[in-house]
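S.K.: A single structure is presented below for examination.
The values are calculated or read from the model by the stated rules, or taken from the named source; none is laboratory data. Remember, predicted model here, so these are calculated numbers, not experimental data. Quick reminder, even Gly has a Cβ in these numbers, built from the backbone with ideal geometry, and neighbours come from all protein chains shown.
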Amino acid sequence: MNYSLRDVLDGKLKIEYIDTDLEKKINSNWDRVSKPINGFGEFEKLIARIGSVQGLEIPDLEHNKLIVCCGDHGIVEEGVSQTGQEVTRLCAENIGKGLTTAGVMASSLGIDITAVDVGINYPGQIPGTVYKRIKNGTDNFLKKEAMSLDECEKAIQTGMDLASDAALEGCKMILVGEMGIGNTTSAAVMAGYLLDLKADDVTGRGAGLDDKGLIRKKEVVEKALSMYRNLSPVEVMSHFGGLELAAMTGIIIGGGLNHIPIVLDGMLSMISALVAEKTAPGCRNYLIPSHKSKEPVAVRLSEVLGLNPVIDGRMALGEGTGAVMMVSLLKMAEVAYTRALKFGDSGVEQYKRF
């Protein structure tokens with residue numbers, strides 16, 4: 001079923017609560033596994049959350065899909081990135097062909113990967129990508145809004161439709177990723193507005209800026225944070241965000257509406273998740289964190305969303321690599337949940353929860 005963003009914005013469509021009774025049942029099943037209570041820590045909670053979202057006592061971790069949203073950012077003309085926009089197109093094509101880090105990792109786990117062009121700055125369709133382009137990249141947000149409110153809403157709606165389409169295809173869990181040169185600058189500004197933080201608190205090196213580049217990037221973020229007041233979350237996205245970030249927001253909202261868990265990647269997916277949660281409260285209950293990005297604002301975003309990323313590898317790859325890595329860990333945890341010896345069969349007295 002395709003859902004309307006307008007209905008969400010007008011309050012006619014809301015995210016439903018998850019089945020907490022089933023979540024408790026799965027946690028109880030964990031307690032019967034012959035191991036210390038909470039021995040698998042966060043993984044016990046995550047398996048229970050996934051199952052409760054899916055409505056399954058044994059979660060389905062096999063029917064997955066990685067959707068990588070791709071788009072360009074006009075702010076790159078301010079020298080905030082070490083590469084130009086042409087890299088977005090090249091990477092998007094290779095992602096769609098399954099040749100990049102995320103692609104080969106996903107393939108090893110049997111995860112389908114789709115690269116979606118929602119805003120690449122290129123005159124034609126790019127091989128290997130699904131063409132959903134709203135416009136050829138965003139504008140330089142120091143000169144004008146990155147995109148119009150209508151364009152932003154179209155990108156969010158595109159993401160919602162992608163989630164609904166995945167549900168119709170039988171997908172039980174969606175992994176999100178992104179590709180867009182310059183997007184950490186956009187995300188830093190958005191985080192500053194949404195969390196009331198300063199440039200130093202939100203600005204990192206992205207894919208690898210040197211010291212001079214980082215100083216310039218902070219100057220751009222600081223200037224942008226002084227431009228407006230009292231913006232709604234969707235307006236923050238339209239003024240400073242990216243089409244790929246807006247589409248990820250839509251996927252996250254769509255995940256909640258379709259009862260599909262969404263496995264996040266790093267900081268960029270988290271900023272999209274924050275906009276989603278502020279737009280459609282309850283989305284965060286459908287989110288599965290993966291890794292703690294080395295971007296400085298990642299920890300704060302995790303706290304606000306109530307998430308606890310279990311991978312702390314100071315990664316900065318993007319493309320959904322952290323999400324894919326997380327699925328490999330979840331699958332191992334599920335093996336323990338479903339196959340490990342139970343207390344009744346182990347000869348060890350049942351441990352008690354206190």
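S.K.: Kindly evaluate ALA146 against the criterion of being under 17 Å from the mean Cα position of the chain (by Cα) and of a type outside the set (Lys, Arg).
M.R.: So ALA146 fails the test.
S.K.: Does LYS135 satisfy being basic (Lys, Arg), closer than 30 Å to LYS24 by Cα, modelled with pLDDT of 95 or more and not in a strand (DSSP E or B)?
M.R.: no
S.K.: So, one more: Just to be sure, is LYS217 touching a residue at least 12 places away in the same chain (Cβ under 8 Å), buried (at least 19 other Cβ atoms within 10 Å of the Cβ) and within 18 Å of the chain's Cα centre (by Cα)?
M.R.: When the stated conditions are applied, LYS217 does not pass them.
S.K.: Oh, and also: Report yes if GLY41 is surrounded by fewer than 15 Cβ atoms within 10 Å (Cβ to Cβ) and under 28 Å from SER108 (Cβ atoms), otherwise no.
M.R.: Yes; evaluated as a whole, the condition is true for this residue.
S.K.: Would you please name the residue that is surrounded by the most Cβ atoms within 10 Å (Cβ to Cβ), looking only at residues in the range 64-97 that are farther than 19 Å from LEU264 by Cβ and under 19 Å from the mean Cα position of the chain (by Cα)?
M.R.: HIS73
S.K.: Follow-up question, since we're still on this one. Examine the range 281-301 for a residue that is within 14 Å of the chain's Cα centre (by Cα), more than 19 Å from ILE174 (Cα to Cα) and at pLDDT 95 or above, and state whether such a residue exists.
M.R.: yes
S.K.: Report the residue count in the range 15-34 for those that are touching a helix residue (DSSP H, G or I) at 6+ places or on another chain (Cβ under 8 Å) and surrounded by 13 or more Cβ atoms within 10 Å (Cβ to Cβ).
M.R.: Of the residues in that region, 12 qualify.
S.K.: Okay, next question. If I ask for residues that are closer than 15 Å to CYS70 by Cα and either β-branched (Val, Ile, Thr) or touching a residue at least 60 places away in the same chain (Cβ under 8 Å) (or both), which ones from the range 104-132 would you list?
M.R.: ILE113, THR114, ALA115, VAL116, VAL118, GLY119, ILE120, ILE126, THR129, VAL130, LYS132
S.K.: Go through the range 157-214 residue by residue and tally those that are in a helix (DSSP H, G or I), at pLDDT below 95 and over 24 Å from LEU90 (Cβ atoms).
M.R.: Counting residues in the range 157-214 that are in a helix (DSSP H, G or I), at pLDDT below 95 and over 24 Å from LEU90 (Cβ atoms) gives 7.
S.K.: Only one of these is touching a Cys at 6+ places or on another chain (Cβ under 9 Å), of a type outside the set (D, E, K, R) and crowded, with 16+ Cβ neighbours inside 10 Å: ALA155, ALA224. Name it.
M.R.: Just one listed residue meets the conditions, ALA155.
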